[in-house]
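Input: a single structure, listed below in C-alpha cells.
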Amino acid sequence: MHTDTRGHAITTSSKDAAENFNKATEMFLQRQIDVVPVLQQAIDADPDCSMTQATFGLMLHGARNASLKAGMESTLVKAQAASQGSTEREQQYVNALSCACEGNLFGAVNCFENILKDNPNDLLALTLAQGELFWLGEMQQSSRLSQSVATDWHETVQGFPEFLSVRAFDLEETGHFQQAEATGRQSVALRNTNIWGAHAVAHVLLMQGRHKDGLDWLSDKQGNWSQTNQMKFHIWWHQCLFHLERKEHDAVLEHYDRWVRNRNEDLVVAMPDLYIDMQNGASLLWRLELAGVNVGDRWHEMAELAEQRLNDMNSPFTSAHYAVILAATGQFELCDKLLEYMNSFAENGKHTLAARYADAAIPAAVGAIAHRNGNYKKTLDAMLPARHQFWQMGGSHAQQDLFHQILVDAAVKLNKRDIAATLLHEIEALGFNEPARNVAYEAAGKLVSG
C-alpha cells in the first residue's frame, strides 16, 4: 500500500499509480494545466485503484458539462468495482461520485465532510467540498468546514499555501475581509503561483472599492501563472473590473480580447464553452455596454456556443448567463427554448439544482431577457421577488452582482426611486462598499440622491 502526499493510504500495489496520482492531485490543488493526462497515467498503471477512478470521475463532474455525464457514470462503475478492500476514506470518494451522478450534490458534500472528520489534512476533499458549495451558494457552510480543520494546518504540512487560499476565499465570501486579505496574501507569499489565494485578495479589493490597489496587486503576478488552468482567465476578468471602475475602457477591451475570451488560446481551443469562461465573457460585455461602450460583435461567438448547451442543466448560474448572451444577440426564440428547458428541469425535484433553477436562475434569466427587450417592468416583476434568492445560483458576490445590476438598471429606467434606494441598500449589505460610487450604480445613486 502507498500513501498520498499528506500520508493518507492509497489502495494500490503500483508505485507508478501512487506517484502519478499524487502528482495529479498536487497539480489540481494548485490549479495547474494537464491534470487529467497525469491522472490517466495513474489509472493506466492500476485500473483497479478506486481512488484514482473516483477522483477522475469527480473531476469530470467539476466541469459541469452534460456531455461528460456518460463518462462520469462509466468511471463510477469502475470505481465501485475496484472499491472492495479500499479504505473507508477512499470509499467515501466513491460515494461522493455516486451522489454527483445522481444529482445529490449535498450528498457529495456530506461525503467530503465525513472524510475531513477523520482526515483533516485531506486537502483534496476540502477543495472539492468548497467547489461544490461555492456553486450551490453555500459559502457559510464552506467556511465552517475550512475553519473546522484549521488547527490541523501549519507550514510543515504539505499544501499549506493551498489550504490558506481555500480559507481566504471562504473568509472573503462570508464578509471577513481583513482576515481574508491577510490570509490570501500569506498564501501567495508562501507560493507565488498560488492563483486561488491571489484571487481571494482580488475579491476583497473589489468589494472594498480599492480599484487601484487591485490593479497593483494583480499587475506583477500574471507571469506567475503560465502553468495555471483557466482560472487565469478569471483573474483577468477581475483585472478588467478594476479597469472598468476607473473607466479605462480601452484596457478592458484589450484584456477581454487577449485573455478573457481569446478563442486562439490553447485552453480555450480545447474547451471553448467552459462554464466559468462563458460567465466571464457574458458579465463583462454586459457591464461594458451598461457603461456605454460599443462591444461590436463580441457577443456572437459565445451565442453560438450557448445555443449548443440550452438543455445543459448542470449550473443554474451558467444557464442564466446563457440567457444574457442569447438575448444580447436578439435570439429571443432561443431564449424561450432555454427557458422551456430550465422550467422542465426545475420540475425535477430529485436533483439538488432543481429548486435553485426554480427559485433563482429562472427569474434571473427572465429578467435579463426582458431587460434586453426593453420590457423593464417585466424585469422588475421577475427579479424583485427573487432577488434574495440569487445566491442559490452559486458564484461569488462579485459574479452575482451582474443580476443585481440588471435589476437596478431596470428600476432606474422606470424612474423607480424608492426601489433603487432599497436595492442599493441591500447591495451594500452584501458587502459592497458604497455601491452608488460604482460605475454600474452611478445612475441609481443620482436618482436616489436627486
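Values quoted throughout were computed directly from the atomic coordinates according to the rules given, and no laboratory measurement underlies them. Just so it is clear, the model here is predicted, and its values are computed rather than measured. Cβ coordinates were reconstructed from backbone atoms using ideal geometry, including for glycine residues, and neighbour counts include every protein chain displayed.
Some points to look at:
- Rounded to the nearest 20 debye, the dipole magnitude of the chain is 920 debye, with +1 charges on Lys and Arg beta carbons, -1 on Asp and Glu beta carbons, and the Cα centre as origin.
- The range 273-450: relative contact order as a whole-number percent, Cα under 8 Å and 6+ apart: 17 percent
- Theoretical ellipticity at 222 nm over the chain - DSSP helices of four or more residues, -39500 (n - 2.57) apiece, nearest 500: -20500 deg cm²/dmol
- Centre separation in Å (Cα based) which lies between the range 193-219 and the range 249-323: 22 Å
- Members of Lys69/Lys337; Lys378/Lys446; Lys212/Lys416; Lys247/Lys378 lying beyond 26 Å, as alpha-carbon distances in this model show: Lys212/Lys416; Lys247/Lys378
- A straight line joining the Cα centroids of the range 391-450 and the range 20-73 runs 41 Å.
- Dipole size of the range 376-450 about its Cα centre, with +1 on Lys/Arg Cβ and -1 on Asp/Glu Cβ: approximately 280 debye, rounded to the nearest 20.
- Farthest toward positive dipole pole in the chain [+1 Lys/Arg, -1 Asp/Glu at C-beta], among Ile115, Ser14, Leu215: Leu215
- Report note on the peptides 232-244, 434-446, 192-204: ranked by the mean count of other C-beta atoms within 10 Å, highest first, their order is 192-204, 232-244, 434-446.
- Furthest towards positive pole of dipole, Asn294, Ala420, Met383, structure part the range 273-450, Cβ charges: Ala420
- Mean sequence separation of contacting Cα pairs (under 8 Å, at least six apart), scaled by the length of the chain, corresponds to a relative contact order of 11 percent.
- On the principal axes of its alpha carbon atoms, the range 273-450 extends 45, 38, 26 Å, with the longest extent given first.
- Rounded to the nearest 20 debye, the dipole magnitude of the range 317-450 is 160 debye, with +1 charges on Lys and Arg beta carbons, -1 on Asp and Glu beta carbons, and the Cα centre as origin.
- Taken along the Cα-to-beta-carbon direction at a fixed 7 Å, the label points for Val36 and His300 span 2.9 nm.
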